[in-house]
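Structure, as structure tokens:
The values are calculated or read from the model by the stated rules, or taken from the named source; none is laboratory data. If you're wondering where the values come from, they're calculated on a predicted model, not measured in any experiment. Don't worry about glycine lacking a Cβ; one is built from the backbone with ideal geometry, like all the others, and counts go over all protein chains shown. When the accessible area is computed, the model is the full protein with side chains, heavy atoms only, and any ligands, DNA or RNA have been set aside. Shrake-Rupley method; radii C 1.70, N 1.55, O 1.52, S 1.80 Å.
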Amino acid sequence: MELARHVLLTLGIVLATGTVFGAIARKLRVPDVAVFLIAGILIGPSAAGLVAVPAESALNQLILVFGASYILFDGGASLRAAVLKDVWITIATLATVGVLITACITAAAAYWLLGIPVIAALLLGCAIASTDPATLVPVFRQVHVRDRVAQTVMAESALNDATGAIATFAVLGVAMGTGGFSLSRSLVDLVTQAGIGIGLGAILGYLAALFTAHERLGFLGEHAPVVSLMAVIASYLAADGLGASGFMAVFVFGAVLGNKELFGLAMPAREQAQLDDFVSTTALVARMFIFILLGAQVDFALVSRYLAPGIGVVAIFMLVARPVTVFACAAPDRRARWSLSELAFMSWTRETGVIPGALAGLLVGMKAPEAPVIASVTFIAILLTILIQAPTTRWLASRLGLLEER
């Protein structure tokens, strides 16, 4: 009972704090993820000490997995097939080759500025190379950027975590002396994980659409919110159990359900509105918990040990690696015909968050070479990208003529 009371108190504090700081974010007209991160720092052990949920605890892992999955489902449901058909080449390139380009440039910066071995620098580059869907999806839900730009960045963030994880563990095998690097094996792993994740997500998404929106078979239409919860959990667990990316499966599930009209399926307006309200509210609560707890878990003692060189690495990561990656992967795409302003916007928008943080935590737990340095720089990347890039998204989109008020 004492543990139950403690958990309930923690949940209540996070919800109350999130409600207050969410209202502040709306007043300031900035994405709430940045404000939630600040709120977490303020109520965490480093400040007020009101909330202390260890990163390795079961409660934190449950919130992280389910929250990120539901936010990804929400992002996938907002995608439109008519837009994606013109930019799919860019998305696929950014989510694969782009991750490797970012990792290599960041590794070079880490080797130069931190003075760590090459293999440890590569490990750091791979760990933080993938963008964070749990951050980017909410940002584009609140800042209405031109559809094809927003959907490209969201889709990239959902699909590149598999590449980042595979690259990280391939380098880790070399660093720990447990195996050599094999390009062919890594490519097979990537294709397998992507294929299973996309296939499972598509199947479950179609079944969910069929049973909630079909004229005769849609007997679960009134329970669509519950179906969305069950299907998100099932998509993640099924893909993860088969060794694939659970986040990728959830994202594809949302994309299929959100484009159910392509299959001749449509929910009644009342039930669709009920589902939309439920999804938006659940995604908001998920954002509160993920980013407030993430802020509360920032280890400032660890961060301060490598603060100056870490900021230098992250500056190159943000200002050099990302632009090079975007222009190398998107500019050659003749089908998409990206404008300079669109490329510039995508070069700035690449928040780091939940997935790189989880990888850094795993490396610390496995006692990987230079793991404390990797964890420190990862936290610096999370703080700087979320606190600098997320709040400036609206301003930059407006300056580049990409903002679409709705």
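Listed values, structure above:
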| quantity | calculated |
| --- | --- |
| Test: residue in region 319-334 that is within 19 Å of the chain's Cα centre (by Cα), at pLDDT below 90 and closer than 18 Å to VAL99 by Cβ | no |
| Qualifying positions in region 234-265 - at positive phi and free of Cβ contacts under 8 Å to residues at least 40 places away in the same chain | GLY264 |
| Whichever residue in region 397-406 is assigned to a helix (DSSP H, G or I) and surrounded by fewer than 19 Cβ atoms within 10 Å (Cβ to Cβ) and, among such residues, is farthest from the chain's Cα centre (by Cα) | ARG399 |
| Test: residue in region 350-360 that is modelled with pLDDT under 90, farther than 30 Å from GLY173 by Cα and either under 19 Å from the mean Cα position of the chain (by Cα) or not aromatic (Phe, Trp, Tyr) (or both) | no |
| Criterion (more than 21 Å from ILE101 (Cβ to Cβ), in contact with a Gly (Cβ under 9 Å, 6 or more places away or on another chain) and outside any helix (DSSP H, G or I)) met by exactly one of VAL298, VAL303, VAL373 | VAL298 |
| Filter pass, THR393 being crowded, with 17+ Cβ neighbours inside 10 Å, modelled with pLDDT of 90 or more and not hydrophobic (A, V, I, L, M, F, W, C) | yes |
| Region 54-91 - residue that is under 19 Å from ASP161 (Cβ atoms) and without any contact (Cβ under 8 Å) to a residue 60 or more places away in the chain and, of those, most open to solvent (accessible area, probe 1.4 Å) | TRP88 |
| Qualifying residue in region 286-304 (condition: free of Cβ contacts under 8 Å to residues at least 12 places away in the same chain and either over 30 Å from ALA213 (Cα atoms) or open to solvent by 40 Å² or more (accessible area, probe 1.4 Å) (or both)) | yes |
| Residue within region 39-62 that is out of contact with any Phe, Trp or Tyr (no Cβ under 6 Å at 6 or more places or on another chain) and within 24 Å of ALA397 (Cβ to Cβ) present | no |
| Every pair of residues 6+ apart whose Cβ atoms lie under 8 Å, when the first sits in region 201-228 and is within 19 Å of LEU262 (Cα to Cα) and among the aromatic types (Phe, Trp, Tyr) while the second is open to solvent by 70 Å² or more (accessible area, probe 1.4 Å) and part of a helix (DSSP H, G or I) | TYR206/PHE263 |
| Region 240-259 - residue that is surrounded by fewer than 21 Cβ atoms within 10 Å (Cβ to Cβ) and not small (Gly, Ala, Ser) and, of those, nearest to VAL279 (Cα to Cα) | ASN259 |
| VAL7, sole failed condition from (1) touching a Leu at 6+ places or on another chain (Cβ under 7 Å); (2) β-branched (Val, Ile, Thr); (3) within 25 Å of ILE388 (Cα to Cα) | (3) |
| Residues satisfying the stated conditions in region 349-390, i.e. surrounded by fewer than 19 Cβ atoms within 10 Å (Cβ to Cβ) and either polar (S, T, N, Q) or within 20 Å of VAL145 (Cβ to Cβ) (or both) | LEU387, ILE388 |
| Filter result (closer than 28 Å to PHE247 by Cα and either in contact with a Phe, Trp or Tyr (Cβ under 6 Å, 6 or more places away or on another chain) or in a loop (DSSP other than H, G, I, E, B) (or both)) within region 306-331 | ALA330, ALA331 |
| Hey, LEU262 modelled with pLDDT of 80 or more, farther than 22 Å from GLN61 by Cβ, part of a helix (DSSP H, G or I) and of a type outside the set (Gly, Ala, Ser) or not | yes |
| Residue tally, condition small (Gly, Ala, Ser) and assigned to a helix (DSSP H, G or I), over region 376-396 | 2 |
| Of all residues in region 143-185 being out of contact with any helix residue (DSSP H, G or I) (no Cβ under 7 Å at 6 or more places or on another chain), assigned to a helix (DSSP H, G or I) and open to solvent by 40 Å² or more (accessible area, probe 1.4 Å), the one that is modelled with the lowest pLDDT | LEU183 |
| Filtered residues of region 49-81 (kept if assigned to a helix (DSSP H, G or I) and more than 18 Å from the chain's Cα centre (by Cα)) | ALA58, LEU59, ALA81 |
| Positions within region 1-42 being surrounded by 22 or more Cβ atoms within 10 Å (Cβ to Cβ) and closer than 17 Å to PHE300 by Cα, in sequence order | LEU37, ALA39, GLY40 |
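Residues are listed down the side, and each one gets a yes or a no for (1) within 16 Å of the chain's Cα centre (by Cα); (2) in a helix (DSSP H, G or I); (3) more than 25 Å from MET176 (Cα to Cα):
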{"site": "VAL83", "(1), (2), (3)": "no, yes, yes"}
{"site": "LEU100", "(1), (2), (3)": "no, yes, no"}
{"site": "ALA107", "(1), (2), (3)": "no, yes, no"}
{"site": "ALA120", "(1), (2), (3)": "no, yes, no"}
{"site": "ALA127", "(1), (2), (3)": "yes, yes, no"}
{"site": "THR131", "(1), (2), (3)": "yes, no, yes"}
{"site": "THR135", "(1), (2), (3)": "yes, yes, yes"}
